[in-house]
Amino acid sequence: MALVGKRDGRNFGYGRQLSYAGPQALRDLFGGGHYGTVKAHSDRWQAFVRW
């Protein structure tokens, strides 16, 4: 799901589910070759969401 417009609105504009919105926002911000960074932060984000 591509981000439309600016990063305003709920969960950077990616919807209501934190478990989906966090990794999608990270891919949008760091997706250009920073795959290790995205994976590490996504794992941390999922741990936060489960908490």
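Read-outs throughout are calculated quantities, based only on the coordinates presented, and are distinct from any laboratory measurement. Small disclaimer: the values here were computed from a predicted structure and weren't measured. Please note: Cβ atoms are built from the backbone with ideal geometry, for glycine as well, and neighbour counts cover all protein chains shown.
Can you give the net charge of the other residues whose Cβ lies under 14 Å from the Cβ of residue 46, counting K and R as +1 and D and E as -1? Don't skip to the answer; put the middle values down first.
Values: positive: 27, 39, 44, 50; negative: 43.
Computed value for this residue: +3.
Could you put 45, 51 in order, starting from the residue whose Cβ has the fewest other Cβ atoms within 10 Å?
Lowest to highest Cβ neighbour count: 51, 45.
To make sure I understand, if each residue's beta carbon is the centre and we count other beta carbons within 10 Å, what order do 43, 28 fall in, fewest to most? Walk me through the intermediate numbers first.
Details: 43 11, 28 17.
In order of increasing Cβ crowding within 10 Å: 43, 28.
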